[in-house]
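Engineer: Dumping the structure here so I can ask a few things about it.
No lab work stands behind these numbers, since they all come straight from the coordinates. Only a predicted model underlies this, so the values are computations on that prediction, with no experimental measurement involved. Methodologically, a virtual Cβ is constructed for each residue, glycine included, from the backbone with ideal geometry; neighbour enumeration extends over all protein chains shown.
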Number of protein chains: 4
Amino acid sequence: MKNTIGNNLSVTLFGESHGEAIGCVIDGIAPGVTVDEAFIASQMEKRKGISSISTARREADRVKIVSGVFNGKTTGTPICIMIENSNTKSKDYSLIRNLARPGHADFTAECKYRGFQDYRGGGHFSGRLTAPLVAAGAIAISALRSKGIFIGTHISRCGDITDREFGKIKEDIVMLDSLDMPVLCEEKRKKMLSLIESVRAEGDSIGGILTTAVIGMPAGVGEPWFDTAESVLSHALFSIPAVKGIEFGKGFDFATMKGSQANDLFAVREGKTVTLTNNNGGINGGITNGMPIIFSLAVKPTPSIYKKQKTVDMMTKEEAELEITGRHDPAIIHRARVVADSVTALVLCDLLTTRFGTDYLGCD
Amino acid sequence: MKNTIGNNLSVTLFGESHGEAIGCVIDGIAPGVTVDEAFIASQMEKRKGISSISTARREADRVKIVSGVFNGKTTGTPICIMIENSNTKSKDYSLIRNLARPGHADFTAECKYRGFQDYRGGGHFSGRLTAPLVAAGAIAISALRSKGIFIGTHISRCGDITDREFGKIKEDIVMLDSLDMPVLCEEKRKKMLSLIESVRAEGDSIGGILTTAVIGMPAGVGEPWFDTAESVLSHALFSIPAVKGIEFGKGFDFATMKGSQANDLFAVREGKTVTLTNNNGGINGGITNGMPIIFSLAVKPTPSIYKKQKTVDMMTKEEAELEITGRHDPAIIHRARVVADSVTALVLCDLLTTRFGTDYLGCD
Amino acid sequence: MKNTIGNNLSVTLFGESHGEAIGCVIDGIAPGVTVDEAFIASQMEKRKGISSISTARREADRVKIVSGVFNGKTTGTPICIMIENSNTKSKDYSLIRNLARPGHADFTAECKYRGFQDYRGGGHFSGRLTAPLVAAGAIAISALRSKGIFIGTHISRCGDITDREFGKIKEDIVMLDSLDMPVLCEEKRKKMLSLIESVRAEGDSIGGILTTAVIGMPAGVGEPWFDTAESVLSHALFSIPAVKGIEFGKGFDFATMKGSQANDLFAVREGKTVTLTNNNGGINGGITNGMPIIFSLAVKPTPSIYKKQKTVDMMTKEEAELEITGRHDPAIIHRARVVADSVTALVLCDLLTTRFGTDYLGCD
Amino acid sequence: MKNTIGNNLSVTLFGESHGEAIGCVIDGIAPGVTVDEAFIASQMEKRKGISSISTARREADRVKIVSGVFNGKTTGTPICIMIENSNTKSKDYSLIRNLARPGHADFTAECKYRGFQDYRGGGHFSGRLTAPLVAAGAIAISALRSKGIFIGTHISRCGDITDREFGKIKEDIVMLDSLDMPVLCEEKRKKMLSLIESVRAEGDSIGGILTTAVIGMPAGVGEPWFDTAESVLSHALFSIPAVKGIEFGKGFDFATMKGSQANDLFAVREGKTVTLTNNNGGINGGITNGMPIIFSLAVKPTPSIYKKQKTVDMMTKEEAELEITGRHDPAIIHRARVVADSVTALVLCDLLTTRFGTDYLGCD
């Protein structure tokens, strides 16, 4: 359903890049979940990225909770979150309004909204709309933590540089939480930063891969068909702008694996059924098996670059050239990771609410 | 929503591997779509795979249309499709009932359904439930063809063997339609077949990658958030058993690309706005741009192998060993491609119905 | 969503009056609910009505459970129910195919389905499709009973004859369960029967009012906005053919009441908060308050009568006269009551599943 | 789905009576619909009621459109509407916080939200949340008018006073639009006003019946099962606080009618198929037939009265007495009518969008 996602816990997103405000409505979250405004603010900071490599628009991103929170706890009724747009440069969009920016949604927006869309700064398609998702996700992350469920995302690849894999996941998640540039290996972190720096100097941008781990999810959540855990996670995660791929566990590496290598054998550890490997990324038959959920997201390079590009004038239907000016990020992947964490948290809260009822997340 | 997918055109799936019948209900398809039973039957044949490499259970898979079709056309009311299970060996499942088969859903089913699930042959999780999806998809494929929209899927990789990429897509789709083993390059087709043959001889199985192309989709279909074209396609496609990854366009290769390489530049060809490359796989900002939709699916090796495997007895909670006997496929990827086509067709019909209304697919 | 209803417990309905079979798919019912086939059969009998006053088509209505039940219990996966159509007279519909029967859906079906609908016997609009709803409802009624929740419906009015109100509701429900003609007062029961008999003699039909009571529902179920308990009940109940009105508690009588008369005052009885009156029919602010849920349904007279009626030929667009022959009921209200019970049960199971999770109804 | 309603055009409601603001998000409205802020403001005025009989809280109710409107037209992306709460008296709620007000949702809110709800002024249950529904509805009403579809509601009954029925509907709708007290017959209007006045003097309140007419709806909209036009209208309309009943066409009067009286006979007028009567209120088999849609709503008296009432202390679980002070309406029915119009308009826009696609309402 268009700008709403979720079955029992849903999020409805609204706003445009250069409108007055952006925001979302979270509905179906259990009453009694603690809302930690300082934590929300810290998540918003993570989304802003690293100032040294981001020349992009910077907003205060003060999160205003309009409804659904009372005395510091969720009430169980809809939470409306609003974030003002203040730093909207009054530039003259009319000059480039008709030139479809390559890699952006200008052309598809025109096809869908027939000229009525707010075209300023990407309008409703702007990556800026991930800000309310991060605010909403922060509440979901808190709710999950109170149930012993933790989420962390690192940049597993950027250009040709690959980070180490998750090791002791809980410790890695704690470390990632403290990093602006979420790379597990310090050396690789520096290399990725210089790569991004050099790309910026060229007026270009670079893509990458994010890998997310979730620990503590109970087994037995998700559905065999259509609402598999993979289905609902991918559905939500493909909404993050620039995400063009997702794989669970070994993902595309399964193509060269045999069944005898791919199958995760079962064992008993401390009285609990576990698997000895986790090639399936914590999900079998669409349902969580209690092992860590592991998936990776392909993130394309941000399409706003300073190089001159061929395009088409959407009014005259003639070919044209476009030179994008203004503020752009040479990489968004380090910013996208908190969006990935947030969207993941919202989906998991929805799955848990479906399975265990509407009180579950708010009870001790 | 559990076993139902789709907004305006929905499919509800039911049945178990060893129950009396399996089937689905398609709702929301336009009145007036021609239902070609011979085409449905030919799609069912494709799903059965190649007899020389499949030792697996073979069913007649006669598709019975119980409702919603009148005088050879859809009525616009729900179409119920039923397929009898006839070849259900009456083997004694009680011996292995409690041993969770690695890579299968036995353990997660137990966690979710608390012992009440039908465990025979995978029950509701069985790949056999893709049969009604293929029957439903055949109707959707026909409806799309009448609108000039065509879908084809090839095995782009199996083990270390890679097929050539799509060339002239329309011609490739026609060729794929005629193949049991859907590989574009004849030489690679033979190589893949011998690889599967050798894996079968070992009592093992092998994974692969499917790549799908769709041509003729109008631009402007999909939503910017949550119901992006990528979101709804991935949601549905992750329901296909064994699918563990999906990427659109360049997908995970974007990780090493720069914006200047990744952006698809616009041009005008025959009065129509096109892109000069198609790295984004026909989707920008979640919305179709009129170029071919291209995506790949990672398919894990079928988990049923003849090798002895470690597992856990779900009743006693003790470790055990399991040797699976019976009929298994060494590869399912050549069978999965028609499921991919079918699921894709159902999703696209849903998106078109949402955009253009409930009559669209049934009108000339 | 078209032919599917419910959020966490859903029902998808399919079939046509003169097709091969009709049925439905129930999804989301908890694993472990006992399925009592004898009880289902007894509910089907109630729906058939009283043979002395029904000249209408009589079917065996044998309920076949195709999936989702294993060893006498629900598995938690979709339950497909099928009922064959056997008694479909091969009469020549072509003669009257184009004459819109007044009060029926022939004309609106033509407007919606553009000539592709199955017009035989009302097609998908036929009251016959309530048969699978009754079968599905029987499972829901059993699940509710295991939780101490009971439902009963009586004919509170038929023509000018009014039944007494519910007294000791539990006892009344037990009595209604044993009656073909569900009227609480024996004298009124006889009067209604003779009224229906006399209407039948005239070749006419008569309407009435059904009143339903539910006891044992926990307080706190339903939503303040949009999915109020009244909203979801009315949504489902208006699907019963011929239902044209619904009121909760005092309903339309509130029009002449003052707040001081209408408000239900609170008191404590046996440690439980109750209301001293139940004018609100067990629902405040859209949420159950633990008192009996009480509502009434207005049921219009069945539109099939033997009198000559003015109508329009839908092909020629000319005025015409129509004389309906064949088998019709002079009243359907005594048959509709089990449909009302069934639909109510399905809705309540959905609300309980949403509130308490997907295991709730299957646990002791 | 909780606080969201609608399939293709949805509304998500948020806010509490004494929070900072209330509002809603409308999603799925076609791009290009003209947004007339003066008309929105005039609808908001109608909702405020008549100052002479309303002693209740009065707010400026300035509607702020945060997103989704650009250059005076809908963009097709979500419209967020915000209305500030300014007149929230800082009274000490702690004194009465635990006393459940009879007829209100205080007790059911406690059962559902387990003490975490915002209890001030009814919180999320407050009739104040109909304000954003009226603002959203104003946009829907404009969209419908551009398609020749008009809606009007009058008070057909209040206490023992009954208004005349709709006559020339279009003219009646125009007249109703200009009235604060929407009664068709001038004499009855005065009588109802004095009744309300006298009830106010007693410190009491009074209920009534609203009757709504819609003209211009095309035939063929709605679904045969579950999403019947009656189902989706009633679902939405039961969300209006105080609505406890709905009937279409003759509604509960069908109980005493025979089929020969109830059936609407078809005829041809000006080349169009019409019915000679409209007992079915414009809907057959759940689908619009092109005749005026007519329905009535039972509205209970507002439960806030000045008389001392018995109740229960929700903390101590002991019986108590309650005297409600502050600002209350002796009647809300004249205010509710614009809410009924608004909710009806939103539902009809959804149905039309489903049938004719997402562009329909924005095209000329």
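Engineer: Size of the dipole of the protein assembly as shown about the Cα centre, Lys and Arg at +1 and Asp and Glu at -1 on the beta carbon, nothing else charged, in debye to 20? Before the final figure, lay out each step's value.
Structural biologist: On the way: 168 positive and 168 negative charges, 0 e Å.
Computed about the Cα centre, the dipole is about 0 debye.
Engineer: Using +1 at the Cβ of each Lys and Arg and -1 at the Cβ of each Asp and Glu in chain B, identify which of B:Val199, B:Gly23, B:Asn263 lies farthest towards the dipole's positive end.
Structural biologist: B:Val199
Engineer: Across peptide A:195-202, how many C-beta atoms of other chains are within 10 Å of each residue C-beta, on average?
Structural biologist: 1
Engineer: Excluding same-chain residues fewer than 8 positions from A:Lys250, which aspartates and glutamates have a Cα within less than 17 Å of its Cα?
Structural biologist: Answer for A:Lys250, where 17 Å is the Cα cut-off: A:Asp163, A:Glu165, A:Glu230, A:Asp264, B:Asp160, B:Glu247, B:Asp253, listed by chain and number.
Engineer: Could you tell me the center-to-center distance, by alpha carbons, between region B:334-364 and region D:296-364 in angstrom?
Structural biologist: 41
Engineer: Top mean-square fluctuation among A:Ile139, A:Ile173, A:Ile65, Gaussian network model of chain A, C-alpha springs under 10 Å?
Structural biologist: A:Ile65
Engineer: Kindly give Rg over Rh for region A:1-115, based on alpha-carbon atoms, with the Kirkwood expression for the hydrodynamic radius. Before the final figure, lay out each step's value.
Structural biologist: On the way: Rg = 17.3 Å, Rh = 16.8 Å.
Ratio of gyration radius to Kirkwood radius for region A:1-115: 1.03.
Engineer: Run the numbers on chain D and let me know its relative contact order in percent, using alpha-carbon pairs under 8 Å that are six or more apart. Don't skip to the answer; put the middle values down first.
Structural biologist: Numbers: 734 pairs, mean separation 86.3, N = 364.
Relative contact order, chain D: 24 percent.
Engineer: Enter the mean number of other protein chain beta carbons within 10 Å of the beta carbon of each residue in B:65-73, as an integer. Walk me through the numbers before you get to the answer.
Structural biologist: On the way: counts 2, 10, 14, 7, 4, 11, 2, 0, 2.
Per residue, the average neighbour count from other chains is 6.
Engineer: Please work out which residue of chain B brings its Cβ closest to the axis of the rotation superposing B onto D, and round that distance to whole Å.
Structural biologist: B:Gly357, 2
Engineer: Moving on to the next point. What helices in chain C pass both tests, a Cα length along the helix axis of 30 Å or more and a mean Kyte hydropathy of 0.0 or higher, using whole DSSP H runs? Can you show the working numbers first?
Structural biologist: Details: long enough: C:333-356 (34 Å, 0.86).
Membrane-span-like by this rule: C:333-356.
Engineer: Rg to Rh ratio, region D:4-362, alpha-carbon atoms and Kirkwood radius? Kindly include the intermediate steps, with their values, before the conclusion.
Structural biologist: Details: Rg = 20.9 Å, Rh = 21.4 Å.
That ratio is 0.98, to two decimals.
Engineer: Then there is this: I need the inter-copy label distances for C:Ser42: point set 7 Å along Cα to C-beta, values in nm with one decimal, smallest first.
Structural biologist: 5.4, 6.1, 6.2
Engineer: For the peptides A:250-258, A:141-149, what is the packing order when you average, over each peptide's residues, the other Cβ atoms within 10 Å and list the highest mean first?
Structural biologist: In descending order of packing, they fall as A:250-258, A:141-149.
Engineer: Can you list the copy-to-copy distances for B:Asn71, using a point 7 angstrom from Cα toward Cβ, in nanometres, shortest first?
Structural biologist: 4.7, 5.1, 6.7
Engineer: Let me ask another. Nothing charged except the Cβ atoms of Lys and Arg (+1) and of Asp and Glu (-1): what's the magnitude of the dipole of region C:308-358 about its Cα centre? Round to the nearest 20 debye. Mind dumping the intermediate values first?
Structural biologist: Values: 7 positive and 8 negative charges, 59 e Å.
Its charge dipole is roughly 280 debye.
Engineer: Next question. So, with +1 on the Cβ of K and R and -1 on the Cβ of D and E, and no other charges, what is the size of the charge dipole of chain A about its Cα centre, to the nearest 20 debye? Write down the numbers at each step before the final one.
Structural biologist: Details: 42 positive and 42 negative charges, 70 e Å.
With Lys and Arg at +1 and Asp and Glu at -1, about 340 debye.
Engineer: Normalising by the residue count of region A:252-364, find the relative contact order in percent from Cα pairs under 8 Å and 6+ residues apart.
Structural biologist: On the way: 89 pairs, mean separation 13.6, N = 113.
This gives 12 percent for region A:252-364.
Engineer: Just to confirm my numbers, what's the Cα centroid distance between region D:134-198 and region B:58-134 in Å?
Structural biologist: 56
Engineer: Which entries of D:Lys64/D:Lys147; A:Lys2/D:Lys73; A:Lys300/B:Lys170; B:Lys170/B:Lys272 show an alpha-carbon separation above 21 angstrom in the structure shown?
Structural biologist: Numbers: D:Lys64/D:Lys147 26 Å; A:Lys2/D:Lys73 19 Å; A:Lys300/B:Lys170 28 Å; B:Lys170/B:Lys272 19 Å.
Exceeds cut-off: D:Lys64/D:Lys147; A:Lys300/B:Lys170.
Engineer: Let me ask another. Taking each residue of B:296-309 in turn, how many C-beta atoms of other protein chains fall within 10 Å of its C-beta, and what is the average? Could you put the intermediate results ahead of the total?
Structural biologist: Working: counts 3, 2, 11, 3, 13, 10, 3, 7, 2, 5, 2, 4, 0, 6.
Across B:296-309, the average partner-chain Cβ count within 10 Å equals 5.
Engineer: The protein assembly as shown: percent of C-alpha pairs farther apart than 59 Å?
Structural biologist: Values: 151253 of 1059240 pairs.
Summing the P(r) tail past 59 Å for the protein assembly as shown gives 14 percent.
Engineer: Applying 1/(1 + (r/R0)^6) with R0 = 41 Å to the Cβ-Cβ distance of A:Lys308 and A:Asp160, what FRET efficiency is obtained, to the nearest 0.05?
Structural biologist: Values: r = 26 Å, r/R0 = 0.65.
It comes out at approximately 0.95.
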